[in-house]
1. Measure nothing fancy, just the Cα-based angle from helix B:350-376's long axis to the longest principal axis of chain B, in degrees from 0 to 90, nearest 10.
2. Does anyone have the angle between helix B:237-281 and the longest principal axis of chain B? Alpha-carbon axes, 0 to 90°, nearest 10?
3. Based on the Cβ-Cβ distance from B:LYS141 to B:GLN109, what FRET efficiency comes out when R0 is 35 Å, to the nearest 0.05?
4. Quick check: pseudo-label points 7 Å beyond the Cα along Cα→Cβ at A:ASP173 and A:LYS129, how many nm apart are they?
5. What ranking do B:13-25, B:207-219 get when scored by the average of other Cβ atoms within 10 Å per residue, highest first?
6. How much area per residue is accessible in region B:59-212 when the probe is 1.4 Å and only protein heavy atoms are counted (Å²)?
7. Roughly to the nearest percent, how much of the accessible area of region A:31-115 is carbon and sulfur, given a 1.4 Å probe?
8. With every protein chain kept in place and ligands, DNA and RNA left out, what is the accessible area per residue of region B:213-340? Probe 1.4 Å, answer in Å².
Amino acid sequence: MALVRCQDLQKSFVKGRETVEVLDGINLEIQQGDFLALMGPSGSGKTTLLNLIGGLDHPSAGAVEVGGVPLNEMSARQLAKWRAENIGFVFQFYNLLPVLSAQRNVELPLLLTPLSSRQRKANAATALKIVGLEDRAKHKPGELSGGQQQRVAIARAIVADPTLLVCDEPTGDLDRETADEILSLLEVLNQEHGKTIIMVTHDPKAAERAAQVLRMDKGRLAQEAA
Amino acid sequence: MLAQILAVTWMNLRSLPLRLGSSSVVVVGIAGVVAVLVTLLAMAGGFSAALERGGSPERALVQRAGANSEMSSTLNPEDVRILSTMPEVAAYSPELYVVADVPKRSNRQPANLVIRGVRSDAFAVRPEIEIVAGRALAPGKRELIAGRGAAAEFLGIDLGAKVDLRNNDWTVVGLFTAEGSAYESELWADLPVAQSAFRRGATVQSVRVRLTSADALEAFAARVEDDRRLELEALGEEEFYAGQSKSMDALIRGFGYTVAVIMAFGAFFAALNTMFTAVSARTVEIATLRALGFGGGAVLASVMAEATGLALLGGALGGAVAYFGFNGFTVSTLNNASFSQVAFDFAVTPELLILGLLWALGLGLVGGLLPAAQAARLPIVTALRGE
């Protein structure tokens, strides 16, 4: 069964007097448990597609469904609640809050749940353990390496047990060795924890780790087998 | 929702040290507004209190009908005698009221100092008067006792000092207090000696009356008005002093609020700028929180909480400056109603401190609203890129 379904998905932006078509009729299905890499040149629309699937933006036309929920019909408030329950985000520059410890950063999505403080702490500790950073729980982002910060970000992304992980250039700011560690972690999350992952990347080596690679160009898709 | 607000607010507050400079501008700006407002209102309050403290519900002031102050009133001995026989009168004190030019300690410029000629009855009428240094007046001598405020404010008004009045030396033999009332801004002299020195014959300017009870005021005032032998009017002391303080109180309060409003504009823009800067500096953080599912309302509330928190800190600082810098600070100013200087203490009351905090809160809310709304409406996708 398809977890993500995009039908004739379009997105355009107005720049000055010009309308820029970023996505031009995307049709796509992503199955539950997939690990999909989206590749393509800058401006090809891959991050825009990721944002629409992650419920961060509304399409200009067409439909996007995740788990049978039509995101294009939801208000901003409904989308916020839906994202909290269903999506884990991993960003290129980690987007951790610098004043909070790793533990607190990981706990953030749980503040949107009815869990008690003790349960939140326990879940955050588990997530940090999965990414191998249980001994860095008290450290603030500034006291961690780039790879460690991305691991904390991944722990934050999985702590609320979301259906889908959307990763925007998760290794784009890391050296090769650290990038490989992060990709291995994503593989574990996909294969052992059953997480569906969509990853935007420029890095062919990162894309090789995905089960499926989709290429985009000028707002359109060209599929190829991994 | 509350957990979201608390979490985001906590993060904002934790990041305050990173924005110490701009945050201090808000705190200091609002502290300035509150300090000025509270201090000026404390001045107005102190002035009114000094005058109103002189008033007792059991006392009345009798002066010439139509006179707007003791200065412009005259009573002859027969008036005094008739008053003394009225059944509502428990004690009475005929009093001379003149002013003399005496230099102030602050600027050495002459200012009007009240000289009140009294008999020993004045102390029976005003039991709150207390000699705190030296002794009471001796009848028939050119002696003065000085109120605490007069001694503090006027040059040469010291215990044992000679004061030149009407080309005669008068000796300050005592200092008195009067529970902080306007009497403390006066010099008192023996009535017959003062009448002679100031060439007033046997006339006086007013009669202070202690009534048999506070309830007797209405009957006493009616009796004075109805007596065809008299062209006098009796006013309750509280009413008299309230009238005297009204115009000056309104003037100082008006000035205080005007200055505070002008300063508040500056503080408002400082708060606005600081909070816009704070939001701008945290664009990516706010967008990240929104991406994770935090609502715009939580973000708005957190920015508002930070703005009002900073404002309240400023308000507390301003209140502390006003309290520790000026509470009890003695100054004198001209009472237009009596053409004399009134010494009074700034009174920074709890009510004024609360008012200052309310102003600070208002400034914080108004200054934080637009930046908070901007933060809540940040488009997530562009904000995540730091744009």
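1. Roughly 20 degrees between the two axes.
2. Long axis of B:237-281 versus the principal axis of chain B: about 10 degrees.
3. Values: r = 30 Å, r/R0 = 0.86.
With R0 = 35 Å, the Cβ-Cβ based efficiency is 0.70.
4. Modelled inter-label distance: 2.8 nm.
5. Values: B:13-25: 14.9, B:207-219: 18.2.
Packing order, densest peptide first, comes out as B:207-219, B:13-25.
6. Details: 6060 Å² over 154 residues.
Value returned for region B:59-212: 39 Å² of accessible area per residue.
7. Details: 1570 of 3040 Å².
Ligands and nucleic acids excluded, carbon and sulfur reach 52 percent.
8. Values: 5790 Å² over 128 residues.
On a per-residue basis, region B:213-340 sits at 45 Å².
The values are calculated or read from the model by the stated rules, or taken from the named source; none is laboratory data. The structure displayed is predicted, hence computed values, not measured ones. Please note: Cβ atoms are built from the backbone with ideal geometry, for glycine as well, and neighbour counts cover all protein chains shown. Side chains are part of the model used for accessible areas, which takes the heavy atoms of the whole protein and leaves out ligands, DNA and RNA. Shrake-Rupley method; radii C 1.70, N 1.55, O 1.52, S 1.80 Å.
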